[in-house]
Amino acid sequence: MPGVEKRTEGPKPFRELPITWVALSELKPHEALNEEELKGFIESVTRSGVFWLPLLITKKEKIILDGHHRWAGLRKLGARRAPGILIDYEDPEINLGIWFPLLTKEIGIFLAALENNDIKTQIVPERQLALNAVQSGNAKMAIVGKTKEEAILVLDDPLAVDILTKEEGESICYIDTESAALSEVDRGEARFAIIRKPLTKADVRQKTDIGEVFAAKSTRHILPWAYQKIEVKLEEIIPNFHLDEE
Ligand code: ADP
């Protein structure tokens, strides 16, 4: 399965949130799609015939916070509306984190892929220098390994992360905090962690305002509560959908 997510956050209190049917054409994505994940969702939902995870959308701006592949997949299947949860993006309890991709292959493979795409890289002698450069915005991301010499700065291309995760392929994994990502590298669970600067809600708004998207699997919107699953038959969402009986 592509894109395993590792979460270090603990359990959250449960809250039942209101479900609203939303017009899919009005929604604004803020992340690119990953073909594998899109295929996976379409297979899953058409096999079961049930849609169980509502989309998460901002009330005012109609930005998709979670559910890009559900949104694109349902549209591809011919849906016009789908069940979602509308939330107030101003709410300070709604936080924004990012995902940190973990890589397990040899560095040469990644460097060759970046070079083939004309992406400039710079090797810095210490992890902290790489992390500082990302923090200050001087570098878009850093590929950080275990030893001092294995901190590599990717300088100028935000889409480099797509190339790196594609090169990692099936074994790609994402973790939810920078410290957890670095600890995976230090414990030898991963060879490299991709460290990026956290995004803000203003960044997300700005991106959608100009009709652009971040790389797939960039943001991680964090709600203070866990919310309910739903059970909506696919034929209620897609009028002429019929589950194939085998
Ligand atoms: P993104 O994470 O890019 O916003 P999604 O959250 O839409 O994209 O990713 C696909 C999600 O669809 C996965 O979290 C998966 O759990 C979910 N999913 C898989 N099958 C179904 C289904 N039958 N109904 C609802 N959601 C599903």
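Is there a residue in the stretch 29-37 that is touching a Gly at 6+ places or on another chain (Cβ under 7 Å) and either in a helix (DSSP H, G or I) or aliphatic (A, V, I, L, M) (or both)? Yes, some residue in the stretch 29-37 is touching a Gly at 6+ places or on another chain (Cβ under 7 Å) and either in a helix (DSSP H, G or I) or aliphatic (A, V, I, L, M) (or both). If the condition is being more than 16 Å from the ligand (Cβ to nearest atom), of a type outside the set (D, E, K, R) and farther than 14 Å from Phe100 by Cβ, then the stretch 172-218 contributes Gly188, Thr200, Ala202, Gln206, Ile210, Gly211. None of Leu74, Leu53, Leu65, Leu96 is more than 11 Å from the ligand (Cβ to nearest atom) and modelled with pLDDT of 95 or more except Leu96. Filter the stretch 1-28 down to the residues that are within 20 Å of Ser179 (Cβ to Cβ) and not in a loop (DSSP other than H, G, I, E, B) and list them by number. Selection gives Val4, Glu5, Lys6.
Of the residues making up the stretch 228-243, those that are within 15 Å of the ligand (Cβ to nearest atom) and either more than 25 Å from the chain's Cα centre (by Cα) or surrounded by 18 or more Cβ atoms within 10 Å (Cβ to Cβ) (or both) number 8. Of the helices (runs of 4 or more DSSP H) that lie entirely inside the stretch 100-201, those containing 3 or more residues that are over 26 Å from Leu65 (Cα atoms) span 107-116, 127-135, 178-186.
Yes/no per residue for (1) crowded, with 17+ Cβ neighbours inside 10 Å; (2) in contact (Cβ under 8 Å) with a residue 40 or more places away in the chain; (3) out of contact with any Lys or Arg (no Cβ under 8 Å at 6 or more places or on another chain):
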residue	(1), (2), (3)
Asn117	no, yes, yes
Gln128	no, no, yes
Gln135	no, yes, no
Ile143	yes, yes, yes
Thr147	no, no, yes
Cys173	yes, yes, no
Thr177	yes, yes, yes
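Restricting attention to the stretch 159-211, the residues that are closer than 23 Å to Glu9 by Cα, out of contact with any Asp or Glu (no Cβ under 7 Å at 6 or more places or on another chain) and of a type in the set (Gly, Ala, Ser) add up to 6. Give the residue that is nearest to the ligand (Cβ to nearest atom), with candidates limited to residues of the stretch 1-47 that are of a type in the set (Gly, Ala, Ser) and free of Cβ contacts under 8 Å to residues at least 60 places away in the same chain. Step by step, filter the stretch 1-47, then rank; the result is Ser44. Please tell me if Arg187 is of a type outside the set (A, V, I, L, M), buried (at least 20 other Cβ atoms within 10 Å of the Cβ) and more than 21 Å from Lys217 (Cα to Cα). Against the criterion (of a type outside the set (A, V, I, L, M), buried (at least 20 other Cβ atoms within 10 Å of the Cβ) and more than 21 Å from Lys217 (Cα to Cα)), Arg187 does not qualify.
The values are calculated or read from the model by the stated rules, or taken from the named source; none is laboratory data. The shown structure was predicted, so the numbers you read here are calculated from the model rather than taken from an experiment. With ideal geometry, Cβ positions are generated from the backbone for all residues, glycine too; neighbour counts draw on all protein chains shown.
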